[in-house]
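Each remark here refers to the structure printed beneath this line.
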Amino acid sequence: MISAATHDPFFTTVTSSAFHRDAIADLAAGRTAAIRVPDLLPAHECAEIMRALSERAFDTYDTDRIQPAVMRCGVGVSDHRADGRIAPSYWTALLASRRMWQDLDLPFDPFERCRTALGAHWPHPVLVGRSGGREMGPGVAREPNGGFQIHFDDAIREFTGNLLDANLIAQFAFNLYLSVPDRGGETVIWRHRWHPDDERLRLPHASYGYAESVVGDAEALLIRPVVGEALLLDPRNFHAVRPGQGARRVALGFSVGMADSGELLVWG
Ligand SMILES: O=C(O)CCC(=O)C(=O)O
Ligand SMILES: [Fe+2]
């Protein structure tokens, strides 16, 4: 008998002081669902980034596709996809995005910090991915105060052919929480991966999200974000962000692909 009470010992969260090689390999292999690294960035640096960002107007993601609205600072390729490829508008938006991050005048590059931490114990380089020879964006700051609908992320299904100039054998989603709500705002991950029948439960208007019933009574992990903490998850498992109340919910986020060379290639 399968029921929600049945626990899969491979559906767990590992909390660690760093991104250890074994933990990254386990996540890629499907032996765990997520890695949490508390205090990846000290609280004062998170506050410094938040201060710099607070003077910027966040854009909203394409509101046809993303409801409730999610604010973001920087460019994400999900808003620049046309017929399974990167739309030319991505590259122009990326120029503006790079300029915006530079203009924040931070004494450190937050995305580079995240990549360095990700690669601290990994035996291969962690690099920003390339597509058609061009360097992709390093990530975005996202503000889903109203939450994210249940969805999955998988470049292999979202793009035709290879998104990056590499063969990816695994994909992760990286989040570093800069500000968290007083209540709510949890990340929920379900032990359910996309099945063709799930398309019947896709929300209308080409939304990225699915009805909650898509995950049935699958086992779930509930993760309360903490300022300074990094979360690396397997985004093929359906996941959502619950609406938050009180303070803003802002995270640095990017996708990470593991290439057949062993390199970890990121993109935003
Ligand atoms: O903000 C989060 O905790 C998760 C956001 C998300 O959907 C992702 O990283 O793929
Ligand atoms: Fe996601």
Quiz item: Within region 179-192, can one find any residue that is modelled with pLDDT of 95 or more and farther than 29 Å from ASP39 by Cβ?
Solution: yes
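For region 82-111, how many residues are under 17 Å from the mean Cα position of the chain (by Cα) and assigned to a strand (DSSP E or B)?
Count: 0.
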Quiz item: Is it true that some residue in region 206-215 is more than 10 Å from ligand 1 (Cβ to nearest atom), touching a Leu at 6+ places or on another chain (Cβ under 9 Å) and closer than 27 Å to SER16 by Cβ?
Solution: no
Quiz item: Which of the residues spanning region 226-266 are within 13 Å of ligand 1 (Cβ to nearest atom) and either at positive phi or within 10 Å of the chain's Cα centre (by Cα) (or both)?
Solution: LEU231, LEU232, LEU233, ASP234, PRO235, ALA251, LEU252, GLY253, PHE254, SER255, VAL256
Quiz prompt | In region 54-79, the residues that are touching a strand residue (DSSP E or B) at 6+ places or on another chain (Cβ under 8 Å), at pLDDT 80 or above and either under 21 Å from MET136 (Cα atoms) or charged (D, E, K, R) (or both) | solution = MET71, ARG72, CYS73, GLY74, VAL75, GLY76, VAL77
Quiz item: Being out of contact with any helix residue (DSSP H, G or I) (no Cβ under 7 Å at 6 or more places or on another chain), closer than 24 Å to TYR208 by Cβ and among the hydroxyl-bearing types (Ser, Thr, Tyr), is that true of even one residue in region 68-84?
Solution: yes
Self-check item: Of all residues making up region 33-60, the number that are surrounded by fewer than 21 Cβ atoms within 10 Å (Cβ to Cβ), in a loop (DSSP other than H, G, I, E, B) and within 17 Å of the chain's Cα centre (by Cα)
Solution: 1
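The values are calculated or read from the model by the stated rules, or taken from the named source; none is laboratory data. Not measured: the values here are computed from a predicted model. With ideal geometry, Cβ positions are generated from the backbone for all residues, glycine too; neighbour counts draw on all protein chains shown.
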